[in-house]
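Working notes for the structure below.
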Amino acid sequence: MTVMLPLGFIALISIPVVWIYPDRHMHVADVRGTADEKARLARWRNAYNRLSFLGRIRHSIRRTARQRKRKQ
């Protein structure tokens, strides 16, 4: 119980942060990607950094809706 409560609290905070700020954590292409993949990832991060906080939320909601639509 003493481990589960702090881990649950950390999860409650970290999941939305990663959902809204996906450009701030490492991706597979950062480590094992080709030069072209790394360049595309850099361009994506550059474009994503220009979004405002509300723009990031809007983009995340749309991305989630597209993923759900694709699964159907």
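The values are calculated or read from the model by the stated rules, or taken from the named source; none is laboratory data. The model shown is predicted, which means the values in this text are computed figures rather than measured ones. With ideal geometry, Cβ positions are generated from the backbone for all residues, glycine too; neighbour counts draw on all protein chains shown. Quick note on the areas: whole protein, heavy atoms, side chains included, nothing else; ligands and nucleic acids left out. Shrake-Rupley method; radii C 1.70, N 1.55, O 1.52, S 1.80 Å.
A few notes on this one:
- Spatial extent of the range 21-71: Rg and Dmax, with the Cα atoms as the point set, Å: 12.6, 32
- The chain - percent of accessible surface contributed by carbon and sulfur, probe 1.4 Å: 64 percent
- Heavy-atom accessible area per residue - the chain, 1.4 Å, Å²: 86 Å²
- Taking the range 48-72 and a reference point 7 angstrom along Cα→Cβ of Ala29, the backbone N atoms nearer than 14 Å belong to 48-49.
- Relative to the dominant Cα principal axis of the chain, helix 35-49 is inclined by about 60°.
- Simple point charges give the picture: +1 on the Cβ of Lys and Arg, -1 on the Cβ of Asp and Glu, and for the chain a dipole about the Cα centre of about 520 debye.
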